[in-house]
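Trainee: Before anything else, here's the structure in question.
The values are calculated or read from the model by the stated rules, or taken from the named source; none is laboratory data. This one's a predicted model, so the numbers in the text were calculated from it and none came from an experiment. Heads up, the Cβs are rebuilt from the backbone with ideal geometry, glycines too, and the neighbour counts pull from every protein chain shown. Surface areas here come from the heavy atoms of the whole protein model, side chains and all, with no ligands, DNA or RNA. Shrake-Rupley method; radii C 1.70, N 1.55, O 1.52, S 1.80 Å.
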Amino acid sequence: QVQLEESGGGLVQAGDSLRLSCTASKRIFRSYNMGWFRQCPGKEREFVVAISWTGDSTYALDSVKGRFTISRDNAKNTVYLQMNSLEPDDTAVYYCAAQSPRVVSTDEYDYWGQGTQVTVSS
């Protein structure tokens, strides 16, 4: 069974930084693209950022470029989301997702985590 488990969420103030982690089952992690999505209160879930299975290609939502960075450590089966200069509009439940090998994209992900809450106060 494939499992994705997020951690690192919490309550922070505007301007603060936070790092989310997502640990995946070993059998999929090293050959899957990994992405982060979020669902803001009252809104649809949206793509945030993704990284290819090789780690050499990333893709990010325009509103987080320059603030959010995705990275992966295949030795630890973990993908990270470093979030800097957080804003109240970044408040959301953040989900980790895995995508079977292809050109990294913003949709058609195969496996999902349960999510972790990030709350940014003004």
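Trainee: Could you please state, rounded to a whole Å, how far the C-alpha centre of the stretch 1-58 is from the C-alpha centre of the stretch 68-109?
Mentor: Measuring centre to centre over Cα atoms gives 3 Å.
Trainee: With +1 on the Cβ of every Lys and Arg and -1 on the Cβ of every Asp and Glu, and nothing else charged, how large is the dipole of the stretch 1-69 about its Cα centre, in debye rounded to the nearest 20?
Mentor: Computed charge dipole of the stretch 1-69: roughly 160 debye.
Trainee: Further question on the same structure: Given the Cα-Cα distance of Glu108 and Arg45 and 0.36 nm per residue of separation, how much length would full extension add, in nm?
Mentor: Computed gain between Glu108 and Arg45 is 21.4 nm.
Trainee: Looking only at Ile70, Ile28, Ile51, which one moves most when the chain is put into a Gaussian network model with springs between Cα atoms under 10 Å?
Mentor: Ile28
Trainee: Using a Gaussian network model on the chain with a 10 Å cutoff between Cα atoms, which of Asp62, Asp90, Asp73 fluctuates the most?
Mentor: Top of the fluctuation ranking is Asp62.
Trainee: Can I ask one more? Determine the per residue accessible area of the chain with all protein chains present and a 1.4 angstrom probe, expressed in square angstrom.
Mentor: Using a 1.4 Å probe on heavy atoms only, each residue of the chain averages 52 Å².
Trainee: So which GluC sites (Glu not before Pro) in the stretch 37-122 are both in a DSSP loop and have at most 10 other Cβ atoms within 10 Å of their Cβ?
Mentor: The qualifying sites are Glu44, Glu108.
Trainee: Per residue and in Å³, how big is the convex hull formed by the alpha-carbon atoms of the stretch 26-122?
Mentor: Measuring per residue, one finds 99 Å³ for the Cα hull of the stretch 26-122.
Trainee: In the chain, which cysteines lack any other cysteine Cβ under 4.7 Å from their own?
Mentor: So, Cys40.
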